[in-house]
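Comments concern the structure below.
The values are calculated or read from the model by the stated rules, or taken from the named source; none is laboratory data. The model shown is predicted, which means the values in this text are computed figures rather than measured ones. Methodologically, a virtual Cβ is constructed for each residue, glycine included, from the backbone with ideal geometry; neighbour enumeration extends over all protein chains shown.
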Amino acid sequence: MGRVSAKKAMDTDAISMIVGLGNPGSSYAQTRHNVGYRVAMRFSERHSIRLRRKRKLKSHVGVGEVAGKQVVVVLPTTFMNRSGEAVASAVGFYGVHPKDVLVILDDVHLPLGRLRIRSKGSDGGHNGLRSVTAWLGTADFPRLRVGVGREESNSLTDFVLGGFSQEEKEVIDGAVERAVEAAKDVVADGVANAMNRYNPA
């Protein structure tokens with residue numbers, strides 16, 4: 001697997017890394033907190049990018065071509081709260097600038113199925129995003145949030161580690177597919193164009 005040139009990534013303003021946040025293991029696979037994983041995995045399937053376990057990088061990693069650009073897909077095998085360790089390792093190994101890393105994650109502050117793309121910003125209380133920001137030393141990287149809703153009656157931890165109802169599954173399945181398309185559009189057309197296309201008015 002060759003290294004992605006940091007100079008190339010910065011010169012072309014191309015997103016060179018797609019990161020899906022989540023928790024490893026089958027018991028977490030269908031939880032709200034693993035929506036980022038699901039999008040990154042589906043993105044890999046859609047673009048025929050084979051993910052392999054890279055213990056040194058504490059992630060499953062794959063490299064492929066999307067819209068004529070080289071893209072690295074990363075799924076950390078650390079738990080959510082330590083996602084940044086894996087992301088920083090992958091960023092350093094492949095020589096990718098933080099501005100060229102699209103982080104995909106769940107968001108309890110967005111209605112179920114709603115997408116929101118930002119070029120940078122705060123962690124919004126998301127522990128995985130907080131970890132990535134701390135390890136990269138900057139919040140200046142794009143992120144794609146997928147709304148998972150919120151039930152105020154439940155504790156936040158129980159809620160995000162819980163699954164979707166059958167009715168919710170239909171909504172989130174559609175959102176995952178739209179998020180895969182949004183990630184591709186970020187790669188192909190840049191963050192600003194994707195924001196105009198997918199963010200709510």
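Would you mention how many residues in the range 95-104 are closer than 15 Å to W135 by Cβ and either surrounded by 23 or more Cβ atoms within 10 Å (Cβ to Cβ) or in contact with a strand residue (DSSP E or B) (Cβ under 8 Å, 6 or more places away or on another chain) (or both)?
Residues meeting the conditions: 3.
Rundown of residues vs (1) modelled with pLDDT of 95 or more; (2) out of contact with any Lys or Arg (no Cβ under 8 Å at 6 or more places or on another chain); (3) buried (at least 20 other Cβ atoms within 10 Å of the Cβ); (4) over 26 Å from A134 (Cβ atoms), yes/no style:
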| site | (1), (2), (3), (4) |
| --- | --- |
| G25 | no, yes, no, no |
| Y28 | no, yes, no, no |
| M41 | yes, yes, yes, no |
| G68 | no, yes, no, yes |
| R82 | yes, yes, no, no |
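Would you pick out the residues in the range 30-39 that are in a strand (DSSP E or B) and either over 16 Å from the mean Cα position of the chain (by Cα) or at pLDDT 95 or above (or both)?
Result: no residue meets the conditions.
Just name the residue that is surrounded by the fewest Cβ atoms within 10 Å (Cβ to Cβ) out of those in the range 43-66 that are assigned to a helix (DSSP H, G or I) and touching a residue at least 60 places away in the same chain (Cβ under 8 Å).
If we take residues in the range 43-66 being assigned to a helix (DSSP H, G or I) and touching a residue at least 60 places away in the same chain (Cβ under 8 Å), then R46 is surrounded by the fewest Cβ atoms within 10 Å (Cβ to Cβ).
Can you confirm whether the range 82-99 contains a residue that is among the aromatic types (F, W, Y), assigned to a loop (DSSP other than H, G, I, E, B) and farther than 21 Å from T157 by Cβ?
Looking for residues that are among the aromatic types (F, W, Y), assigned to a loop (DSSP other than H, G, I, E, B) and farther than 21 Å from T157 by Cβ, one finds none in the range 82-99, hence no.
Which numbered condition in (1) under 19 Å from R38 (Cα atoms); (2) free of Cβ contacts under 8 Å to residues at least 40 places away in the same chain; (3) among the polar types (S, T, N, Q) is the only one that S122 fails?
It is condition (1) that S122 fails.
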